[in-house]
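Following: one structure in structure tokens, then a few remarks.
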Amino acid sequence: MFNAVFWPLSFVSAASYCVWNFPSYLLLFNLAGLGLGNTYQAAGWFDVSVLILACLGFVLGVLFVTPIEGELPVQTWFDRIGLFAGRISMVLIMTLAVVMAYEVVVRYIFAAPTLWANELSLWIAGLVFLLVGFYAQQQRIHIRIDILHSALRPSLRRCCDIVSSLCLGLFASAFVWGCFNDVQRKLSNWERFGTSFNPPIPATLLPLLALIIVLIAVQSFINLVVDWNAPGPGRAVDSNQSLER
């Protein structure tokens with residue numbers, strides 16, 4: 001339980017600061033575009049320290065993540081990243097619940113609504129939506145037509161899995177190719193949402209979307225290799241028996 005909460009919470013806390021001050025890191029490494037102007041200053045020693053803590057939290061979180069009841073066991077080092085993405089989603093969902101509860105209390109009891117709760121909720125929900133997609137791919141719980149997939153012979157199932165992985169890889173390649181310039185522009189200009197709170201939702205969600213799609217494609221090929229000789233229609237180890245094996 002400690003590893004399932006502490007490391008994701010540590011990573012999310014440090015990464016949140018780094019994301020909000022991301023233009024400062026761009027300036028530090030001379031990667032800033034013309035759109036940043038004189039609004040930001042280069043990251044200082046404190047900013048660099050928080051960035052190191054975020055990296056450390058991610059590495060240790062991936063290293064120490066362990067499956068819980070109902071989850072597949074870790075079979076490759078890449079599985080740990082997907083599993084840790086699920087733990088990050090857990091922390092973000094708890095954060096989202098706190099933000100929404102706080103907004104309800106201050107709005108309807110104290111008649112003092114915030115200017116940031118709505119946009120922050122949208123931002124967190126978008127992050128959760130992307131991360132759980134990667135987690136679902138790692139756990140083989142993504143949506144597919146199981147009634148047809150399970151009825152096929154093992155050789156035909158493997159053919160379907162190969163075609164599925166190839167299509168996903170092709171889509172990931174096309175998506176990254178198509179949105180590369182847009183991602184570069186949003187990051188270099190640090191495009192924001194345009195509200196009073198003005199969070200950098202466009203500058204963060206599109207790059208993360210491209211990254212998650214690539215990770216899902218890679219995880220799909222890893223699942224294909226791991227499940228190649230596995231009995232059953234898809235999961236290398238059944239979720240209800242993951243701890244017994």
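Below is a table of values for the structure above.
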| quantity | calculated |
| --- | --- |
| Filter result for the condition that a residue is assigned to a helix (DSSP H, G or I) and without any contact (Cβ under 8 Å) to a residue 60 or more places away in the chain, over LEU122, LEU166 | LEU166 |
| Qualifying positions in segment 40-82 - farther than 27 Å from TRP190 by Cβ and in a helix (DSSP H, G or I) | LEU60, VAL62, LEU63, PHE64, TRP77, PHE78, ASP79, ARG80, GLY82 |
| Criterion: modelled with pLDDT of 90 or more, within 24 Å of PHE84 (Cα to Cα) and surrounded by fewer than 17 Cβ atoms within 10 Å (Cβ to Cβ) - qualifying residue of PHE171, PHE175, PHE221 | PHE221 |
| Subset of segment 57-72 (residues that are surrounded by 14 or more Cβ atoms within 10 Å (Cβ to Cβ) and touching a residue at least 40 places away in the same chain (Cβ under 8 Å)) | GLY57, PHE58, LEU60, GLY61, PHE64, VAL65, PRO67, GLU71, LEU72 |
| Residues (surrounded by fewer than 16 Cβ atoms within 10 Å (Cβ to Cβ), touching a residue at least 40 places away in the same chain (Cβ under 8 Å) and within 27 Å of LEU211 (Cβ to Cβ)) located in segment 154-163 | ILE162 |
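Condition check ((1) within 17 Å of LEU224 (Cβ to Cβ); (2) within 15 Å of the chain's Cα centre (by Cα)) across all residues:
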position	(1), (2)
SER89	no, yes
VAL104	no, no
ALA117	no, no
ALA125	no, yes
LEU152	yes, no
SER155	yes, no
ARG158	yes, no
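The values are calculated or read from the model by the stated rules, or taken from the named source; none is laboratory data. As the structure is a computational prediction, the values presented were derived from the model and not from experiment. Please note: Cβ atoms are built from the backbone with ideal geometry, for glycine as well, and neighbour counts cover all protein chains shown.
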